[in-house]
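Structure first, commentary second.
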Amino acid sequence: GGHDPVKVYAAYKAAAEHYETAAKRAVDMRLKEDAMFMTAESHYFDNAYPKARDAYDALAQKYPSTRYLDKLIARQWAIAQYWEKHADYHYDIPMTPNLWDKKRTYFDTRGHAIKTYENIRMNDPTGPRADDALMATANIYFRRRRYEDADYHYTLLRREYPRSEFQFEA
C-alpha cells in the first residue's frame with residue numbers, strides 16, 4: 001500500500017514542533033544546531049516553505065559556519081526558485097493575500113524570492129550559489145522592467161564575482 005500524504009505531512013509538522021522544542025531546550029551547542037537544522041528540514045518536507053526559509057535563516061544566523069551550510073543553501077535555492085517561477089507564471093498583485101498555499105508566503109511571492117536569494121548570498125558569500133543568486137535577482141528585476149535595480153545587481157555581480165560564468169551576460 002501507499003502512504004497517505006495527509007498523514008505524511010502531519011508527521012513532518014509534528015516532527016518540526018518536536019525539533020523546535022528540542023532546539024529551545026538544548027544546552028549542548030551541537031545538539032541545538034542539529035535540532036535547528038531538523039526543524040528547518042521538517043518544515044521543508046512539510047512544504048511549509050516560508051517557515052522552512054525562516055528556520056534555515058535562524059540556523060545560519062546562530063551558526064554562521066554551520067556544518068549544514070551546503071544543504072541549507074541548496075534548500076533556500078530550491079525555495080527561491082519555486083517562488084520565482086510561481087510569481088512568473090501566476091500573476092498576482094503583491095498585496096493579494098495567499099490564504100491556502102503553504103508553499104508560499106501570505107504576500108508578495110516574488111519579493112520573498114528576492115529576499116531568499118539575498119539570504120543565500122549573505123549566508124555563503126563565497127559559495128557556489130552566491131553569483132547564481134545575484135544573477136537571479138538581477139534577472140527578476142529586468143523582467144519586471146525595473147532596469148535601475150537590475151543594473152545595480154548586474155554591476156554588483158561583475159564587480160564581486162569576477163570569475164562568475166555570468167560575467168559576460170551581466
Filter on LYS32/LYS85; LYS24/LYS85; LYS24/LYS102 - keep pairs with C-alpha separation over 26 Å: LYS32/LYS85; LYS24/LYS85
Any idea what angle helix 29-45 forms with the longest principal axis of the chain, computed on alpha-carbon atoms, 0 to 90 degrees, nearest 10? 70 degrees
Just from its helices, what would the mean residue ellipticity at 222 nm be for the chain, if runs of 4 or more DSSP H residues each count -39500 (n - 2.57) and the sum is divided by every residue, rounded to the nearest 500 deg cm²/dmol? -23000 deg cm²/dmol
Where does helix 147-160 land angle-wise versus the long Cα axis of the chain, in degrees 0 to 90, nearest 10? 80 degrees
Tilt, helix 109-123 to longest principal axis of the chain (alpha-carbon atoms), in degrees rounded to tens, equals 90 degrees
Roughly how big is the chain's charge dipole about its Cα centre, with Cβ charges of +1 (Lys, Arg) and -1 (Asp, Glu), in debye to the nearest 20? 180 debye
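Report, to the nearest whole %, how much of the accessible area of the chain belongs to carbon and sulfur atoms, 1.4 Å probe, protein only.
Numbers: 5810 of 10350 Å².
Within the chain, the accessible surface is 56 percent carbon and sulfur.
The values are calculated or read from the model by the stated rules, or taken from the named source; none is laboratory data. Computed from a predicted structure; not experimentally measured. Please note: Cβ atoms are built from the backbone with ideal geometry, for glycine as well, and neighbour counts cover all protein chains shown. These accessible areas exclude ligands, DNA and RNA; they are computed on the full protein's heavy atoms, side chains included. Shrake-Rupley method; radii C 1.70, N 1.55, O 1.52, S 1.80 Å.
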